[in-house]
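Here is the structure we will look at.
Throughout, read-outs are computed from the coordinates displayed, never taken from laboratory work. Note that the coordinates shown come from a computational prediction; the quantities given were computed from them, not determined experimentally. Positions of Cβ are backbone-derived with ideal geometry, glycine not excepted, and every protein chain shown enters the neighbour counts.
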């Protein structure tokens, strides 16, 4: 996927069982999609807590934050409750990793996503992205700079 490309649409359940469809934000909000390997793990928890602690920058009238893993919705509900996440955690559990595969961040031999962040503009096109290894955390300052450039 190249900058400016239309990103793959998806519909996944959040931690509350609600269906969230990416294309529903088209024409309304920019979207920050954060793929992460697994709930309740150190680096993933740290990254999502950093987003939680600066949530106004990523979840407001102009931007929607969607965090995606291959965990079940039940796991994500417990994870969100424990860490007090007030944003959508989406489950790509079944069909297993299909959205992660569409964004080319699924690691088949491990059964989960690597770390990938995709900023999608209001037209549904890729504005910015970064993909790192499962062990390498990302900087939310980079996200902020990319959002500021929209």
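Using packing as a proxy for protection, rank 45-51, 132-138 so that the peptide with the highest average count of other Cβ atoms within 10 Å comes first. Don't skip to the answer; put the middle values down first.
Numbers: 45-51: 16.9, 132-138: 13.4.
For the peptides 45-51, 132-138, the packing ranking is 45-51, 132-138.
Provide 127, 96 in ascending order of the number of other Cβ atoms located within 10 Å of each residue's Cβ, fewest first.
Working: 127 20, 96 13.
The order, fewest Cβ neighbours first, is 96, 127.
Out of all DSSP beta bridges with both ends in the stretch 11-148, state the antiparallel percent to the nearest 5.
On the way: 18 of 28 bridges.
Just about 65 percent of them are antiparallel.
Report, in whole Å, the centroid distance computed from the Cα atoms of the stretch 59-138 and the stretch 38-56.
12 Å
At 7 Å along the Cα-to-beta-carbon direction for both residue 82 and residue 28, put a label point, then send me their distance in nm to one decimal.
About 3.1 nm separates the two model spin labels.
Is the stretch 32-122 rounded, prolate or oblate when judged by the Cα gyration tensor, a ≥ b ≥ c being the square roots of its eigenvalues, rounded requiring a/c under 1.5 and prolate requiring a/b larger than b/c?
Cα axes put the stretch 32-122 in the oblate bin.
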